[in-house]
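Reviewing the structure listed below.
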Amino acid sequence: MMRHPAILMLGVWATAWLLLLGVLPMRLTRPLSLYGLAVLGLFLASFCLGTWLSRGVRIAARPLPQTDALFVDRLLAAVALIAIGAFAVDIMIGGPLNLPARSVWRAQVSQDLFFGRSSSSSLAYKLAFLTYPASFVYLARQIVLSRSIGMFRLALFAILPTVAASIATGGGGPLVYTMVIGLVSLLVRRAGPLSNRGWIAAGGSVGAVAALIYFARIFAVRAARSGGVPSLLAHAPQDWGVRMAAQPIWTALLGPFGTFLLFMAGWYFVQGLVVSNTIFTAYAGPMQWGVNGADLIVAIVRRVDPALMVRDFRALKDIGVYGLLPSAFGSLYIDFRWAGPVICMGWGYVAGLAWRNAATNSGWALAEPFVITGIMFSTSNTPIALANGLVTHGWLVIACMLGQRRGMADK
């Protein structure tokens, strides 16, 4: 890990505050309470304490790279192929394949969730929901533990499933998570120097440009659904607690629409600071026991007790944060109230174990990119709530357990 997890966590939140208060073209319109800031400090301190408690804990060393890599990679690749096929079926039966139509569908899903209506998703989508996160683990394994990285294998088993997930849902979360996991995996690679770094750099550059174009299109479509950019920005101060502020430097560099895109992209990174303050200060609803923080739990509760989900979501709607990113700490507070800092301490403990053991233990080396990425996205939500994170980490645990159980050999 490039930095101690406590330093990384504090650095991420300090950077978010700097961007919110001085760099991004936005200004706060919702006052932040000192009480909310104090609770945020408690969560940060709990995470840092957890990393400190893991000091001196050493896990048995296991050679790198993993010697069962062929078996585990074949399993993950097979699951990724199932996800691709399931998404293909869902996309074919799901109506028009364009962003405006998918944006309308996405908004309808949010409304259905809020009112506890039955899910309209197909069986193929449900299968894809449970399988496509295996592609994140495949991506990390290939980059972190493999001596040579096959670009075709990455494109087929790691990139294509997340592209299909983004197209099927009309969002960009899976793509963003893939890009960050891939970049972090390169930075913490354990299997020696890359032999084809030129091809990887070229492929990554093309993919990044394509993703940026796609994200710009998503923001444009969502603005159009709100009545255009001016209408969306007019509602932002009341709905989000921030407004777009004119900054000549950004307008000169990016133009009006480019500045709007920067405002929207930046809001996704910093909104947890504003939203979590509201949650700490005003949330008086029940503990939601994971309903707020994990897609899989939402899906289960929706079928078992939809009235419970409606009650929980209404409590968020009442304070104006339903549908917004609550940050990892805001999500833990909603789900577990004052047990949240204790869970956060456990998160810090696991992050500390990864930092201390990734260099000598292949299982922790595979987990390391996910630990770092979870910290980097902590201003948005918890690691198990990012890009179907509970299922993702389930596949990660399976890959680590299989890798630790079988023997070691070079691929």
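Observations
- With a Förster radius of 60 Å applied to the beta-carbon distance between VAL89 and ILE59, the computed FRET efficiency rounds to 0.90.
- Rg/Rh (Cα only; Kirkwood hydrodynamic radius) as it applies to region 256-411: 1.04
- Sorted peptide list for 13-25, 381-393, criterion being average Cβ within 10 angstrom, highest first: 381-393, 13-25
- Selection from ALA236, SER195, ALA208, by position along the positive dipole direction of region 134-239 (Cβ): SER195
- Taking the 1.4 Å solvent-accessible surface of the chain as the whole, the part contributed by carbon and sulfur is 71%.
- Region 199-243 versus region 249-279: alpha-carbon centroid distance in Å: 10
- Distance in nm between pseudo-label sites at ILE249 and ALA201 (7 Å out along the Cβ direction from Cα): 2.8
- Ligands, DNA and RNA are left out, and with a 1.4 angstrom probe the accessible area of region 162-310 is 46 Å² per residue.
- Fully extended contour minus Cα-Cα distance, from LEU212 to LEU194, at 0.36 nm per residue: 3.9 nm
- Net charge dipole size for region 124-223 [Lys, Arg +1 and Asp, Glu -1 on Cβ; Debye, nearest 20]: 180
- Computed extension length for VAL109-VAL304: 68.4 nm, one decimal, from 0.36 nm per residue of separation with the Cα-Cα distance subtracted.
- Under the Debye formula (equal points on every Cα, no solvent term), log10 I(q)/I(0) of the chain at q = 0.08, 0.09 Å⁻¹: -0.44, -0.56
- Sites ALA14 and ASP239 - FRET efficiency at Förster radius 30 Å, r taken between beta-carbons, to 0.05: 0.70
- Of the residues SER121, SER327, SER46, the one that moves most in a GNM of the chain with alpha-carbon contacts below 10 Å is SER121.
- Whole-Hz Karplus values for region 168-183 come out as 5, 9, x, x, x, x, x, 5, 4, 4, 4, 4, 6, 4, x, 5 Hz, taken residue by residue from phi with 6.51 cos²θ - 1.76 cosθ + 1.60 and θ = phi - 60°; glycine and proline positions read x.
- Cα-Cα pairs of region 1-43 separated by more than 13 Å (percent): 66
The values are calculated or read from the model by the stated rules, or taken from the named source; none is laboratory data. Keep in mind it's a predicted model, so treat the numbers as computed, not measured. Backbone-built Cβ (ideal geometry, glycine too); neighbour counts: all protein chains shown. Just the protein is used for accessible areas: all its heavy atoms, side chains included, with ligands, DNA and RNA removed. Shrake-Rupley method; radii C 1.70, N 1.55, O 1.52, S 1.80 Å.
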